[in-house]
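Read through the structure below, which is laid out as structure tokens, and then see the notes.
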Amino acid sequence: MKKCVTFLSSVLLSTVLITPAFAAIDVGDAMKEMGKSYRLVMKDTDAASLKKDLASLRAAAVKAQSGVPGNMKKDAADSANRKTFTAGMTEFINQVDVASKLADEGKVPEAKAEAAKLKDLMKEYHGKLGV
């Protein structure tokens, strides 16, 4: 019994110590997910697929926003670059929400037109951040 308790304690302690290392958000991976989801959104022809892909796009954007891009990890939390990144991600998520609302209403062409504006946001903020 004592060996079992010791083993379980070791496993639990290892899990607690290792988990934070894997919990860090990889913004690069989230951005790749965003790109993939965006391409799917722009190919969608029906409301159901559009809603699903917009939801995936939003989830990836929220995930990216919760992390810190690699080139900004050494910047202070209130640095101009970090503020620009946060503002850009917020604006991006808000625009996804606009497109999602239209998709929910079955307005596929209008939703895709709003989703197309995301590419301009991406270009704008990538330019501002030099990425």
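Figures for the structure shown
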read-out: Added length on full extension, which subtracts the Cα-Cα distance from 0.36 nm per residue, residue 66 to residue 126; value: 19.9 nm
read-out: Sparse-neighbour loop sites [trypsin sites (Lys or Arg not before Pro); region 58-131; at most 15 other C-beta within 10 Å; DSSP]; value: 73, 74
read-out: Under 13 Å from the residue 26 label point (7 Å along Cα→beta-carbon), backbone N, region 63-99; value: 70
read-out: Of the GluC sites (Glu not before Pro) in region 57-131, those whose Cβ has at most 11 other Cβ within 10 Å and which sit in DSSP loop; value: 105
read-out: Projected label distance in nm at residue 76 and residue 59, using a 7 Å step from Cα toward the beta-carbon; value: 3.7 nm
read-out: Neighbourhood net charge (12 Å Cβ-Cβ; Lys/Arg +1, Asp/Glu -1) for residue 110; value: +1
read-out: For region 24-129, size of Cβ-based charge dipole, Lys and Arg +1, Asp and Glu -1, in debye; value: 280 debye
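Throughout, read-outs are computed from the coordinates displayed, never taken from laboratory work. Small disclaimer: the values here were computed from a predicted structure and weren't measured. Here the Cβ is made from the backbone with ideal geometry for all residues, glycine too, and neighbour counts use every protein chain on show.
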